[in-house]
Every structure is written in C-alpha cells, then in structure tokens.
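Everything on this sheet refers to the single structure shown next.
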Amino acid sequence: MTDPRTTQLAQNLISHSCHVQPGEHVLIEIIDAPDEIAIELIRAIRAAGGHPHVNLRHTRVTAEMFAGATDEQYASIAGFELAEMKAMDAYIAIRGASNSFENSAVPSEKMALAQKHMKDVHRQRVCYTKWCVLRWPTPSMAQSAGMSTEAFEEFYFRCCLADYGKLRKAMDKLKAKMEATDKVHIVGPGTDLTFSIKGMPAIPCDGELNIPDGEVFTAPVRDSVNGTVYYTAPTVFQGIPFDGIRLTFKDGKIVEAHCNGDETALNKILDSDEGARYIGEFALGVNPFVLEPMRDILFDEKIAGSFHFTPGNAYENCDNGNRSQVHWDLVCIQRADYGGGEIYFDDVLIRKDGIFVDPELADLNPAQ
C-alpha cells in the first residue's frame, strides 16, 4: 500500500511546483528511488491532462559511465539528452542514493569532461522548462543526519509537505529588503566578508524548484567580493567530502582556498574554468524544519540561520554575468550553536546568530 504522504507529495509537485497543464510533456527522472513515487507522479500528471515520460537511472551505473568518459561519447549523450529536454515542458527529478560518495573514485578530469558536455542540457532544463528537484529518503541519508530511518522519513515529509505559501509571504519581505540593499557585510568566526548586491533581483524559493525549499537568493556584483568566509557546514562535491572550507577573495576572485582535508582537490575544482573562482549566488536559508547539516545540499542550503555563498555559475534569472560549469553551494550556519555571526545590509544589523532582528522579518525565525 502506498504511503499517503507519497501521494500528496506527487500531487504537490504536479500542481504547485510545476503547475502542469493539459497537453504538457513532463520528464520524470528517477535516480535510485522506489517505483511508488514514479507511479504516483505518472498518475498525477495524467490526472492533470499531461503526458508523463520516465528515465530510470542508478548512481553506480552513472559513476561507471563518468569514469570512462570521452569527448565523442559525451558529445553524443548530450546531443540526445538536449533534444529530449527541448521536447519537455517540465522536469521532475527524484534523487535517492545509498552512497553519497559514489563518484569519489571518478577521476576529476573525467567528471569535468562530462559536465562540460552536459552544460547545455542543464541550461535547457533550468531556463526553458518548469522544473523541480528533490531527494528521496534513504537509510544512508538518515545516517548522515544522525537519525533512525523512521525518524528521518518523518523529518523528510514534514519538510517536503510544509506550507510553502505561508513561508512565501514571509520571504517576500526579505526579498524587498535585499533588493533595496547595496552593501552586505557578514562577520563571524573566521568570516569577514563584504560585497554589493546593488541592482540584483532577489528570488524567494517556495517549493517550485526544490523540495524541501526555503531560501531567498540573489548574486553579488561579480567583482565586489572582498574578505574571507569560513563555511561551518560540511559538504560533498563530485563525490568528494570537504570540511572547514575557507575562501579568501580579492575584487571578486577567490585568491586562496583552504580546507581541513584535500586542498589539492578543492583547488582543482576551483580551477575548472575562470568562473569557478567567482561567486554566482548569495542566499539566506529560512526553512524552520531544517536545522542541521547532513552533507546533502538540497537540505543544507535551506537551513534556518544559514547563508550560502556559491562559487561558479550564476542563475540567469539573477545574473551577475558569471559563467562556469561549476555551481557549488557552500553553507555557513550562523546560529549560536555553530559559533554565531552577523549579517548587515547597508550597515544595519539584519540577522544575529541566525535570528532576524528586524521585526518585519521575525516570521522567518524558527519557533523558539
């Protein structure tokens, strides 16, 4: 018997996230997730009058493809997938995985080669379809979160089925303040960072592109970033774990990069192309149900009391001109239990120790 929460999630994805209309073609990409969610999505798309398409993928198989990638092979794969994506009106990806480090043995040059060819497919999906990407709960995710499997499933559905309409109303107030701001100053343990967001739009995320959701993002003026940031949340990128990343900027560019671990791998990622050493996104996380990091960026970037500051490509709906095959959301949690910190907009304190001090933004604070 299908869990009714799975049915509700599928219906929310079709009606709220992707607003599927009669006659639209929707690509469902299932990666190491159970049949039940695929079946519920197919039914929900048909109920909305749409046409479901399904791709089934497995992370171990994909890792093997990456490991032997060639230009000829991935040029062909990208051409096929680009044609498929151009035929779609919407895209939904459900990504489960038993091992988040599955790609760790893939040579970095092979990963970069595949990403280079697949960049246009990604751009087509992000810019020209309605889309939503989400994880599927697995025992390995529960382990990363320090929870039992059952407790993590409860947490997962509580986050994913949140009242995003209510959260959007509160995020709209933050959007207005960000769009009226020129200078941002962030301080905290190991962090003293300044940059401008003048003239950049701010985008509230309320469950239309990611589930779970809950962030407001913008982009810094590309060459305005100066200072140092220390990311308090651990991360995984290209299957490689990183902790304690510290980046130093001069006139927008990352001029020093350190971490508690493989600094060679860190700098190799940042040397993927010119844009990888510039920032493409700045965002504040505000999901009241997501409080602890679990090395899964779709959750970690939404952590209440956090911000992420992203080396690499800027989104075209909030474009500072930076282009890269890299888009690496790195998270700093500023709540008191993570060392605290402050964010100023034009020299006015907006958030202290992860709590918005501006009364107009109080609705974004987690319940005490």
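The values are calculated or read from the model by the stated rules, or taken from the named source; none is laboratory data. Please read all numbers here as calculations on a predicted model, not as lab measurements. Positions of Cβ are backbone-derived with ideal geometry, glycine not excepted, and every protein chain shown enters the neighbour counts. The protein model used for the area step is the full one, side chains on, heavy atoms only, and it has no ligands, DNA or RNA in it. Shrake-Rupley method; radii C 1.70, N 1.55, O 1.52, S 1.80 Å.
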**Request:** State all residues of the stretch 305-330 that are over 22 Å from LYS183 (Cβ atoms) and outside any loop (DSSP other than H, G, I, E, B); if no residue qualifies, say none.
**Result:** GLY312, HIS327
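Being surrounded by 15 or more Cβ atoms within 10 Å (Cβ to Cβ) and among the basic types (Lys, Arg) narrows it down to one of LYS250, LYS268, so name that one.
After ruling out the rest, the residue left standing is LYS268.
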**Message:** Within the stretch 277-295, take every residue that is under 12 Å from the mean Cα position of the chain (by Cα) and farther than 14 Å from ARG351 by Cβ and give me the one that is most open to solvent (accessible area, probe 1.4 Å).
**Reply:** ARG295
**Asked** Looking at the stretch 71-78, is at least one residue in a strand (DSSP E or B) and either under 23 Å from the mean Cα position of the chain (by Cα) or in contact (Cβ under 8 Å) with a residue 40 or more places away in the chain (or both)?
**Response** no
**Request:** Return yes when ASN55 is under 17 Å from CYS132 (Cβ atoms), in a helix (DSSP H, G or I) and not small (Gly, Ala, Ser) and no when it is not.
**Result:** no
**Filtered residues of the stretch 331-357 (kept if in contact with a strand residue (DSSP E or B) (Cβ under 8 Å, 6 or more places away or on another chain), open to solvent by 60 Å² or more (accessible area, probe 1.4 Å) and part of a strand (DSSP E or B))** = LYS352
**Message:** If I go through the stretch 209-233 residue by residue, how many of them are over 30 Å from ILE94 (Cβ atoms) and outside any strand (DSSP E or B)?
**Reply:** 6
**Item:** Yes/no for GLU360 being in contact with a helix residue (DSSP H, G or I) (Cβ under 8 Å, 6 or more places away or on another chain) and either open to solvent by less than 40 Å² (accessible area, probe 1.4 Å) or part of a loop (DSSP other than H, G, I, E, B) (or both)
**Value:** no
**Prompt:** When you go through (1) under 23 Å from PHE237 (Cβ atoms); (2) of a type outside the set (Ser, Thr, Tyr); (3) in contact with a Pro (Cβ under 6 Å, 6 or more places away or on another chain) one by one for ALA93, which number turns out not to apply?
**Reply:** (3)
**Complete:** Looking across the stretch 2-34 at residues that are at pLDDT below 95 and of a type in the set (Asp, Glu), the single one that is farthest from ARG57 (Cα to Cα) is ASP3
**Request:** Evaluate the following for LEU298: is it among the aliphatic types (A, V, I, L, M), outside any strand (DSSP E or B) and open to solvent by 10 Å² or more (accessible area, probe 1.4 Å)?
**Result:** yes
**Request:** Those residues that are open to solvent by 20 Å² or more (accessible area, probe 1.4 Å), of a type outside the set (Gly, Ala, Ser), under 21 Å from LYS86 (Cβ atoms) and not in a strand (DSSP E or B), I need them from the stretch 8-40; list them, please.
**Result:** HIS19, GLN21, PRO22, GLU24
**Asked** From GLY165, GLY146, GLY79, which residue is over 21 Å from PRO288 (Cα atoms) and not β-branched (Val, Ile, Thr)?
**Response** GLY79
**Message:** Pairs needed: first member in the stretch 306-321, on the phi > 0 side of the Ramachandran plot; second member anywhere, open to solvent by 20 Å² or more (accessible area, probe 1.4 Å) and assigned to a loop (DSSP other than H, G, I, E, B); C-beta distance under 8 Å; at least 6 residues apart or different chains.
**Reply:** GLY312/TYR278; GLY312/GLN325; GLY321/ARG222
**Request:** Taking THR59 as the residue in question, decide whether it is modelled with pLDDT under 95 and not acidic (Asp, Glu).
**Result:** yes
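Considering only residues that are of a type in the set (A, V, I, L, M) and in contact with a Ser or Thr (Cβ under 7 Å, 6 or more places away or on another chain), which ones fall in the stretch 101-141?
So in the stretch 101-141, the residues of a type in the set (A, V, I, L, M) come out as 105-106, 111-114, 118, 121, 126, 133-134, 141.
Within the stretch 101-141, just ALA112 meets the criteria.
Out of the residues in the stretch 209-231 meeting the condition of being touching a residue at least 60 places away in the same chain (Cβ under 8 Å) and open to solvent by 40 Å² or more (accessible area, probe 1.4 Å), tell me which one is nearest to HIS19 (Cα to Cα). It would help to see each step written out before you state the result.
Taking the stretch 209-231 as the starting set, the residues that turn out to be touching a residue at least 60 places away in the same chain (Cβ under 8 Å) are 209-222, 229-231.
If we keep only those that are open to solvent by 40 Å² or more (accessible area, probe 1.4 Å) too, we end up with 209, 221-222, 230.
Numbers: LEU209: 11, VAL221: 32, ARG222: 33, TYR230: 38 Å.
Result: LEU209.
Collect the residues in the stretch 302-323 that are modelled with pLDDT of 90 or more, under 27 Å from LYS116 (Cα atoms) and either out of contact with any strand residue (DSSP E or B) (no Cβ under 8 Å at 6 or more places or on another chain) or open to solvent by less than 10 Å² (accessible area, probe 1.4 Å) (or both), keeping them in residue-number order.
Quick first cut of the stretch 302-323, residues modelled with pLDDT of 90 or more only: 302-315, 317-323.
Now restrict to residues that are under 27 Å from LYS116 (Cα atoms): 308-315, 317-323.
HIS308, PHE309, THR310, PRO311, GLY312, ALA314, CYS318, ASP319, GLY321, ASN322, ARG323 - these are the residues of the stretch 302-323 that are modelled with pLDDT of 90 or more, under 27 Å from LYS116 (Cα atoms) and either out of contact with any strand residue (DSSP E or B) (no Cβ under 8 Å at 6 or more places or on another chain) or open to solvent by less than 10 Å² (accessible area, probe 1.4 Å) (or both).
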**Request:** Run down LEU291, LEU298, LEU270 and say which single residue is farther than 19 Å from TYR338 by Cβ, touching a Lys or Arg at 6+ places or on another chain (Cβ under 9 Å) and at pLDDT below 95.
**Result:** LEU298
